[in-house]
Amino acid sequence: MRLAVFTDLDGTLLDHGSYSYAAAQPALDALKQRDIPLILASSKTAAEIAPLHAELGLGDWPAIVENGADRISPGTLSEDAPEYEKLRAALADLPDYATHFQGFGDMDAEGVARVTGLLLENAALARKRRFTEPGLWSGSDAEQDAFLEALAEQGIHARKGGRFLTLSFGGTKAQQMAGIMADLGCDTSIALGDAPNDIEMIETATRGVIIRNDHGNGIPPLPGEQTGRIRRTALPGPDGWNAAILDLLADLGL
Ligand SMILES: [Mg+2]
């Protein structure tokens, strides 16, 4: 068996409030000792993921960025952003209710720091977007429906993550998984996540882990939970992550 682990970051490997992964260190060490690839899969940008990828010592392993819009090899970061520019242009052309959507591109780095809780320098990296636009919605549900309908007419999808409504021209974390599994020669996967944008990844994996989410849109019951293929953690964030990985490594005889 050749295992790869795919993980969401915010609210999953990283604590929702402090962005720390300290509580997951024993499981991170266990993966490293076994040379099991850890694939970061996040709504974060390539620019944001690169420092964490280096800090975690993930070497040449790829990462899934901007909610599955792309997969990158850290070290070869591009700054071209034609899709993002197209997305921002489409938003600018939308009717009045689009004023209820405040995207990262409408904020400066200080604004992004305020709504995310990120440090200013990290907020600046979060604004280096190439494919997707996260933002806050301040209108009614009915206005949001109309907004999403107008976006869909232009081929733009919307996803609700832990705290943002994220717009894109498509691509999911699960779609990037298959390519990475093939590249790495892996046949078994574990995927961990805490929000609806992680569901496909959790359902695609050999073993899925739903991390307890105390801060907003969690993951509804999934069919795989009845068969035991998907498990739900008792603890949130990196504490839940740590326990789930250590349990699964034991279950898989690793
Ligand atoms: Mg998350």
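The values are calculated or read from the model by the stated rules, or taken from the named source; none is laboratory data. Quantities reported herein were computed from a predicted structural model and do not represent experimental measurements. No Cβ is skipped: glycine too gets one built from the backbone with ideal geometry, and neighbour counts run over all protein chains shown. For the accessible areas, the whole protein counts, side chains as well, though only heavy atoms, and no ligand, DNA or RNA atoms are used. Shrake-Rupley method; radii C 1.70, N 1.55, O 1.52, S 1.80 Å.
Out of Gly139, Gly105, Gly135, I need the residue that is in the same structural domain as Gln154 (by TED's automatic domain parsing), open to solvent by less than 50 Å² (accessible area, probe 1.4 Å), in contact with a helix residue (DSSP H, G or I) (Cβ under 7 Å, 6 or more places away or on another chain) and in a loop (DSSP other than H, G, I, E, B). Which one?
On the way: Gly105 fails: in a loop (DSSP other than H, G, I, E, B); Gly135 fails: in a loop (DSSP other than H, G, I, E, B).
Residue meeting the stated conditions: Gly139.
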### Query
So Ala90 clears everything in (1) free of Cβ contacts under 8 Å to residues at least 12 places away in the same chain; (2) within 15 Å of Phe147 (Cα to Cα) except one condition, right? Which one?
(1)
#### Entry: Residue in segment 60-79 that is within 15 Å of the ligand (Cβ to nearest atom) and either open to solvent by 40 Å² or more (accessible area, probe 1.4 Å) or assigned to a loop (DSSP other than H, G, I, E, B) (or both) present
no
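Looking only at segment 211-222, count every residue that is away from the ligand (no atom under 11 Å from the Cβ) and in contact with a strand residue (DSSP E or B) (Cβ under 7 Å, 6 or more places away or on another chain) and tell me the total. So that I can check it myself, show each step before the final result.
Step one: list which residues in segment 211-222 are away from the ligand (no atom under 11 Å from the Cβ), which gives 212, 214, 220-222.
Of the ones still in play, those that are also in contact with a strand residue (DSSP E or B) (Cβ under 7 Å, 6 or more places away or on another chain) are 212, 214, 222.
Of the residues in that region, 3 qualify.
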### Query
With respect to the numbered conditions (1) touching a Phe, Trp or Tyr at 6+ places or on another chain (Cβ under 9 Å); (2) under 26 Å from Ile156 (Cα atoms); (3) hydrophobic (A, V, I, L, M, F, W, C); (4) open to solvent by 10 Å² or more (accessible area, probe 1.4 Å), which one is the sole condition not fulfilled by Ala47?
(1)
### Summary
Screening Arg159, Arg129 for residues that are in a loop (DSSP other than H, G, I, E, B) and in contact (Cβ under 8 Å) with a residue 12 or more places away in the chain leaves only Arg129
### Message
Can you find a residue that is open to solvent by 40 Å² or more (accessible area, probe 1.4 Å), among the polar types (S, T, N, Q) and within 16 Å of the ligand (Cβ to nearest atom) anywhere in segment 1-17?
### Response
no
### Task
Within segment 112-126, count every residue that is under 14 Å from Phe164 (Cα atoms) and either part of a helix (DSSP H, G or I) or of a type in the set (Val, Ile, Thr) (or both).
6
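Has segment 214-223 got any residue that is in a helix (DSSP H, G or I) and modelled with pLDDT of 95 or more? Before you say what the answer is, go through the steps one by one.
Quick first cut of segment 214-223, residues in a helix (DSSP H, G or I) only: none.
No: zero hits.
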### Unique match (being closer than 30 Å to Ala90 by Cβ, modelled with pLDDT of 90 or more, surrounded by 15 or more Cβ atoms within 10 Å (Cβ to Cβ) and of a type in the set (A, V, I, L, M)) among Ala174, Ala243
Ala174
### Task
Can you confirm whether segment 4-23 contains a residue that is assigned to a helix (DSSP H, G or I) and of a type in the set (A, V, I, L, M)?
yes
## Note on the structure
Taking segment 187-210 and keeping residues within 16 Å of the ligand (Cβ to nearest atom), modelled with pLDDT of 95 or more, assigned to a helix (DSSP H, G or I) and touching a helix residue (DSSP H, G or I) at 6+ places or on another chain (Cβ under 6 Å) leaves Met201
